Amino acid sequence: MIYHQAIIVGGGLAGLRAAIELTRRGIDTAIVSKVHPLRSHTVAAQGGINVSIGNNPLAVSDNPETHAFDTIKGSDYLADQGAVLKMCRMGPGLVYEMEHWGCPFSRNEDGRISQRPFGGADFPRTCYAADRTGHALLNTIFERSVYHGITVYSEYLVTSLAVDNGTCYGLIALDMKTGGLEPFSSDAVIFATGGAGRLYGKSTNALINTGMGLAVPYQAGVPLKDMEFIQFHPTTLFGTNILVSEGARGEGAYLLNRRGERFLAGYEDSKEKMELSPRDIVARNMVREMEKGGGFEGGYIHLDLRHLGKERIEERLPGIRELSMKFAGIDPEMEPIPVQPGQHYTMGGIDTDAEGKTAIKGLFAAGECACVSVHGANRLGGNSLLEALVFGAIAGEGAASYIKGNEKTRGEGMVLDALKREEEEIKSLMVSAGKERVPELWEELNRVMDYNVGIFREERSLKEGLDKVRELKERSKDLALSYKGKHFNYELYWGLELKGSLDVAETVIIGALERRESRGSHFRRDYPLRNDRSFLRHSIVKYTEEEPSLIYRDVDVSLFEPKERRY
């Protein structure tokens with residue numbers, strides 16, 4: 001059995017920042033990850049990270065309070081306001097820390113970190129490294145983790161937690177290399193596994209973002225919060241759904257309909273900020289424009305960068321140009337890019353407080369897999385990397401304090417019990433002669449989420465989607481694998497992921513069905529107005545063997561009174 005004082009599940013920005021914080025405090029720490037940390041989904045973040053440091057001439061009066069208000073307004077007032085302010089106040093120091101560790105941010109002529117405009121913000125506060133900000137941050141912080149000597153277990157899929165009497169004692173993980181299950185004993189566990197984008201077929205997310213990192217704590221007794229709030233990014237590359245950064249619009253790119261018009265001017269909620277309106281508003285108005293016949297055949301809109309000029313595109317958006325040329329055969333210096341909305345971010349997640357704590361003692365969560373909530377119903381671009389840094393550090397600090405302040409006995413017995421349960425589950429799947437196959441069920445799940453739980457929702461389609469997901473859950477009990485080998489058995493891997501993803505998909509639809517209003521990314525055609533009287537509350541879904549239970553919890557509105565969301 002492997003033992004470390006602290007184990008972090010996930011090796012992206014949040015996980016690595018938590019690991020560094022623990023190690024600084026003298027805690028023996030290890031990371032367990034499905035992929036090498038440098039293959040984590042953080043590497044795909046493009047546009048930037050928001051902090052109020054006032055390096056842009058138009059942002060000299062920016063401060064954490066204005067950043068917090070923009071974030072809360074952008075969340076359609078569902079974010080917990082104290083947590084948002086905490087994030088915005090801690091952010092500048094952590095970004096400067098990354099700079100001092102060697103992160104190659106783009107610079108102003110005076111040498112300070114450059115900042116560009118992003119949607120929903122009153123000031124240009126998004127720090128960036130061209131359009132590869134996540135790549136720059138992740139490589140920098142991984143180098144720092146190597147300096148600290150943090151142990152990394154790559155290519156391990158965490159399948160369950162060892163929990164007894166409300167306390168976490170470790171976890172069980174499938175070693176992809178050997179096909180064996182490995183028990184890990186630990187005094188504290190932090191989940192930092194990213195989102196659940198691959199519930200959807202049309203997604204910007206990496207294939208590793210299946211939601212398994214939400215499913216494991218959920219099945220162990222931690223509720224999921226606000227799962228109905230799924231962000232659809234307005235600009236993904238038509239045909240592949242590869243992300244086209246909001247940085248493009250931050251630099252001044254236009255969205256054009258088939259008549260060459262900047263159509264966002266024709267919609268009440270986007271006519272003021274235009275392309276720099278929040279993502280949920282831009283995505284909805286793109287769909288509305290296409291429904292009115294303003295889109296191109298196949299279902300896309302043009303993103304036009306040509307007026308920015310060759311020099312600016314190649315200096316600030318080189319990654320977007322490269323992706324467009326490789327995957328669409330288009331040079332954005334010469335032609336507009338065909339884009340369509342696609343699933344991008346999971347606002348909901350593992351229910352935590354502002355210290356990263358969950359309902360289980362010794363279990364913490366941070367980053368996209370967690371829901372504090374600092375994004376509420378809609379995340380502003382540039383706030384996800386910030387959340388990962390801030391709450392990664394906070395969760396690491398909290399786990400260190402928990403470890404030092406508790407005389408918790410080592411729980412090898414509980415870990416071994418969990419190991420036996422997982423061994424039985426995998427043995428059953430490996431010998432099954434069932435008629436269902438993993439790829440077919442995954443394709444059906446993706447179709448259901450794309451067509452029944454998309455940008456626009458209504459009761460009939462949501463009920464159909466819920467029935468279909470529950471049918472898929474039942475059919476998944478009759479899964480059989482065509483490959484019985486142990487080493488790198490990806491059919492087994494995807495089969496285990498499927499069961500977790502189906503549980504998570506069910507929570508998304510339950511939350512969407514019961515939230516009879518429109519707020520942020522959740523838009524109900526049959527309930528098109530926001531309803532603060534009934535739904536200024538977080539949805540909390542708890543796992544049971546029969547079917548999930550749903551309750552609501554009040555939102556922290558201690559700083560700003562909810563108002564009409566105008567831009």
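Summary table below
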{"quantity": "Any hit, the range 473-494, residues being open to solvent by less than 70 Å² (accessible area, probe 1.4 Å), over 21 Å from G195 (Cα atoms) and assigned to a strand (DSSP E or B)", "calculated": "yes"}
{"quantity": "Residue within the range 545-563 that is part of a helix (DSSP H, G or I) and open to solvent by less than 70 Å² (accessible area, probe 1.4 Å) present", "calculated": "no"}
{"quantity": "Count - residues of the range 229-270 that are part of a strand (DSSP E or B) and open to solvent by 60 Å² or more (accessible area, probe 1.4 Å)", "calculated": "1"}
{"quantity": "Residues within the range 45-58 that are outside any loop (DSSP other than H, G, I, E, B) and surrounded by fewer than 20 Cβ atoms within 10 Å (Cβ to Cβ), tallied", "calculated": "2"}
{"quantity": "Hits in the range 1-34 (condition: part of a strand (DSSP E or B), touching a helix residue (DSSP H, G or I) at 6+ places or on another chain (Cβ under 9 Å) and surrounded by fewer than 24 Cβ atoms within 10 Å (Cβ to Cβ))", "calculated": "Y3, Q5, A30"}
{"quantity": "Single residue of the range 355-370 satisfying the filter (in a loop (DSSP other than H, G, I, E, B) and open to solvent by 30 Å² or more (accessible area, probe 1.4 Å)) that is farthest from L214 (Cα to Cα)", "calculated": "E355"}
{"quantity": "Count of the range 90-146 residues which are among the acidic types (D, E) and free of Cβ contacts under 8 Å to residues at least 24 places away in the same chain", "calculated": "4"}
{"quantity": "The range 515-540 residues that are more than 15 Å from L462 (Cα to Cα) and open to solvent by less than 10 Å² (accessible area, probe 1.4 Å), paired with ones that are basic (K, R) and assigned to a strand (DSSP E or B) (beta carbon under 6 Å, 6 or more apart)", "calculated": "H538/K225; H538/R553; I540/K225; I540/R553"}
{"quantity": "Looking only at the range 113-164, and only at residues there that are in contact with a Leu (Cβ under 9 Å, 6 or more places away or on another chain) and at positive phi, the one that is most open to solvent (accessible area, probe 1.4 Å)", "calculated": "A130"}
{"quantity": "Counted residues, the range 277-301 - those being open to solvent by 40 Å² or more (accessible area, probe 1.4 Å) and either free of Cβ contacts under 8 Å to residues at least 60 places away in the same chain or touching a helix residue (DSSP H, G or I) at 6+ places or on another chain (Cβ under 6 Å) (or both)", "calculated": "6"}
{"quantity": "The one condition in (1) modelled with pLDDT of 95 or more; (2) within 30 Å of N55 (Cβ to Cβ); (3) assigned to a loop (DSSP other than H, G, I, E, B); (4) not polar (S, T, N, Q) that D131 fails to fulfil", "calculated": "(1)"}
{"quantity": "Which numbered condition L78 misses (of (1) in a loop (DSSP other than H, G, I, E, B); (2) of a type in the set (A, V, I, L, M, F, W, C); (3) open to solvent by 10 Å² or more (accessible area, probe 1.4 Å))", "calculated": "(3)"}
{"quantity": "Residue within the range 428-447 that is under 18 Å from M227 (Cβ atoms) and in a helix (DSSP H, G or I) present", "calculated": "yes"}
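Listed here are the residues, each with its yes/no results for (1) more than 29 Å from I20 (Cα to Cα); (2) among the charged types (D, E, K, R); (3) open to solvent by less than 50 Å² (accessible area, probe 1.4 Å).
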residue: H375; (1), (2), (3): no, no, yes
residue: G396; (1), (2), (3): no, no, yes
residue: R410; (1), (2), (3): no, yes, no
residue: E424; (1), (2), (3): yes, yes, no
residue: R460; (1), (2), (3): yes, yes, no
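The values are calculated or read from the model by the stated rules, or taken from the named source; none is laboratory data. No experiment lies behind these values; they were computed from the predicted model shown. We place every Cβ from the backbone using ideal geometry, glycine too, and count neighbours over all the protein chains shown. Each accessible area value is taken on the protein alone, full model and side chains, heavy atoms only, with ligands, DNA and RNA left out. Shrake-Rupley method; radii C 1.70, N 1.55, O 1.52, S 1.80 Å.
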